[in-house]
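Some notes on the structure that comes next.
No lab work stands behind these numbers, since they all come straight from the coordinates. Everything numeric in this text was worked out from a predicted model, so none of it was measured. All Cβ positions, even for glycine, are placed from backbone atoms using ideal geometry, and neighbour counts span all protein chains on display.
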Amino acid sequence: MSVRPCEAGELLLVGGEPCEAAFFVLEGAVRVFRDAPSGRQQILTKIVPGQPFNLVPALRSHGTNHASVQAIERSRLLRIGGAELLGLVKRYPDLGLALLGDLADKLDHLTNLVETIALRSVRGRLARFLLDHAESGQVPRRWTLDDIAAQLGTVRDMVGRALRGLSDAGLIDLNRERIVLLDRPGLEVESAQ
Amino acid sequence: MSSYALPAIDTSLCTLCGLCAAQCPGHAVEMTPTGPDIVRPSSCSYCAECEAVCPSHAIRCEFTIVDLSHD
């Protein structure tokens, strides 16, 4: 078991490579994603302090990383080998129950993600994304079209087209670098499409 | 608006391919020996075409998402 610091943007794991350990986020945040050979990327989830990642392959012999992981910001991670983790779970059953709960939460999240991508339109997914990520703080997060496309499971051209569609419908305003939400109830209706 | 956002350029990533300047519909971007420069900022419509064509992600057109629906 060891503490592993990492810088923002640092690639921590590559999907498909042999698994060396499980990790827990102590500080900061990481993103979990998969890449297609075409270069498209799908964000699967974000891991924040207190949460683990790469658990399942670590607990399997000869497991491979399920996905790639990259630090979103400067972070500190707890790195633990599969055998050591398994020993801790056997010794402390409450730890096993907590990890089971985390896996259940991840399963819920991924099931919802599959439903969203498979059954909702890009425009509907974009409406949901804008509603969930609209900020009014001093330093809002900044997104490129590629960033948004990776969250939605599509490509940047489709995001651009969907943004123009929502703007033409009067639901948002595209004001240079600002996407401004104008009609939240209307976007809620769109997000169900 | 008295000021407006422009694409962010990281010249350390630029390979000097010139695609951004060639693709810019407003001719806002031109190539210099050290990389692209937005020489006509008033011609930039923030269309993000330069970002789309850049093979090394040296140009980024970033957006913030703001909720004014309650105002």
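Annotations for the structure displayed:
- A cut-off under 12 angstrom between Cβ atoms defines the neighbours of A:Glu7, and their net charge, with Lys, Arg +1 and Asp, Glu -1, is +1.
- If R0 equals 41 Å, the separation of the Cβ atoms of A:Arg79 and A:Ala118 corresponds to a calculated FRET efficiency of about 0.75.
- The protein assembly as shown - share of DSSP beta bridges that are antiparallel (%, nearest 5): 90
- Simple label model, 7 Å out from Cα along Cβ direction - A:Asp94 to B:Thr34, nm: 5.9
- Restricting the calculation to alpha carbons of chain A gives Rg and Dmax of 18.9, 60 angstrom.
- Only Lys, Arg (+1) and Asp, Glu (-1) charged, at Cβ; segment A:19-169 dipole about Cα centre in debye: 240
- Cα-based Rg of chain B normalised by 2.2 N^0.38 Å, two decimals: 1.21
- Shielding by other protein chains, A:129-135, mean Cβ within 10 Å: 3
- GNM flexibility winner over chain A from A:Leu152, A:Leu181, A:Leu97 (Cα, springs under 10 Å): A:Leu97
- Fraction of the pair-distance distribution of segment A:68-132 above 15 Å, Cα-Cα pairs, percent: 72
- Shape analysis of segment A:7-114 yields a ratio of the Cα radius of gyration to the Kirkwood radius, Rg/Rh, of 0.96.
- Estimated dipole of the protein assembly as shown in Debye, rounded to 20 [Cβ of Lys and Arg +1, of Asp and Glu -1, Cα centre]: 480
- With contacts taken as Cα pairs under 8 Å at a separation of at least 6 residues, chain A carries a relative contact order of 22 percent.
- Here A:Asp132, A:Asp102 are placed in order of increasing Cβ neighbour count within 10 Å, fewest first, which gives A:Asp132, A:Asp102.
- A Förster radius of 41 Å, combined with the Cβ-Cβ distance separating A:Leu110 from B:Leu16, puts the computed FRET efficiency at roughly 0.45.
- Positive-pole candidate from B:Ala5, B:Cys17, B:Cys54, dipole of chain B, charges at beta carbon: B:Cys17
- The percentage of C-alpha pairs in segment A:62-172 whose separation is greater than 25 Å is 44%.
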